[in-house]
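Taking it in order: structure first as structure tokens, then the write-up.
Every read-out reported here was derived from the displayed coordinates using simple, explicitly stated rules and does not represent laboratory data. Being a predicted model, the structure only gives us computed values, none of them experimental. Neighbour counts are summed over all protein chains in view; Cβ atoms, including those assigned to glycine, are modelled from backbone coordinates with ideal geometry.
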Amino acid sequence: MSPDLKPGITFDFDYEVPATKTVPRLYPEWTEFQDMPEVFATGFLIGLMEGVCQLAIKPFLDWPREQSVGTHVDFSHLAATPPGLTVRVHCEVTSIAGRTVTFRVSAHDGVDLISEGTHQRVIIDAARFNQKLQAKKSSVT
């Protein structure tokens, strides 16, 4: 991890919401979701916000040896967004404690603030992480 990774780093990302990221597409096998409105699903919104935070710090990592994994999300979902609107996600690194990076994140769909909150990611050594994951998989097979 580069010593240049510091609080105050910001990153913005625009994403046009496709119909494939609406509530009925979140878990197609879940019949209750099929009856829900065609709006940007909270699950996909959270994934987008996590991804933007990941992109914000990627230039400061020895990628792909070093990567980051999400460990905590605390986001609201304040307004519905139909497909076709563009969501702008803004994130800012607010603190770094060891390998843990904390972000303040918000998302706006051009009409409404649709989400805001905080997110934490931990910098990992990908090879070591994958070894532990493989050991865990092996222990249940």
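List Leu113, Leu61 from most exposed to least, where exposure is judged by having the fewest other Cβ atoms within 10 Å. It would help to have the intermediate numbers written out before the result.
Working: Leu113 12, Leu61 18.
With the fewest neighbours first, Leu113, Leu61 line up as Leu113, Leu61.
Among Asp4, Asp125, which comes first, second and so on when ranked by fewest other beta-carbon atoms within 10 Å? Could the numbers behind the result be given before it?
Details: Asp4 8, Asp125 13.
Result, fewest neighbours first: Asp4, Asp125.
For the chain, find the longest principal axis of its Cα atoms and tell me its angle to the long axis of helix 42-57, 0 to 90°, nearest 10.
Tilt relative to the chain: about 40 degrees.
Taking the 0 to 90 degree range and rounding to the nearest ten, how far is the long axis of helix 126-139 tilted relative to the main principal axis of the chain, both from C-alpha atoms?
Tilt of helix 126-139: around 80 degrees.
Are there chymotrypsin sites (Phe, Trp or Tyr not before Pro) in segment 73-141 that DSSP marks as loop and that have at most 11 other Cβ atoms within 10 Å, and which are they? It would help to have the intermediate numbers written out before the result.
Details: sites: Phe75, Phe103, Phe129; in loops: none.
Listed in order of number, the matching sites amount to none.
Do any GluC sites (Glu not before Pro) in segment 1-60 lie in a DSSP loop with no more than 16 other beta carbon atoms within 10 Å, and if so, which?
Values: sites: Glu16, Glu29, Glu32, Glu38, Glu50; in loops: Glu29, Glu38.
Within segment 1-60, the qualifying GluC sites (Glu not before Pro) (loop, at most 16 other Cβ atoms within 10 Å) are Glu29, Glu38.
Of the listed values [x] 19.9, 66; [y] 16.9, 49; [z] 13.5, 41, grab the one calculated as Rg and Dmax of the Cα atoms in Å from the structure here.
Looking at Rg and Dmax of the Cα atoms in Å for this model, the match is [y].
Normalised by the number of residues in the chain, what is the relative contact order in percent for Cα pairs under 8 Å and 6+ residues apart?
Values: 268 pairs, mean separation 39.1, N = 141.
For the chain, the relative contact order is 28 percent.
Given only helices, namely DSSP H runs of n ≥ 4 each adding -39500 (n - 2.57), what is the per-residue ellipticity at 222 nm of the chain, to the nearest 500 deg cm²/dmol?
Details: 4 runs with 38 residues, N = 141.
About -8000 deg cm²/dmol.
Give me Tyr15, Tyr27 ranked fewest to most by other Cβ atoms within 10 Å of their Cβ, as a rough exposure proxy.
If I rank by nearby Cβ atoms, fewest first, I get Tyr27, Tyr15.
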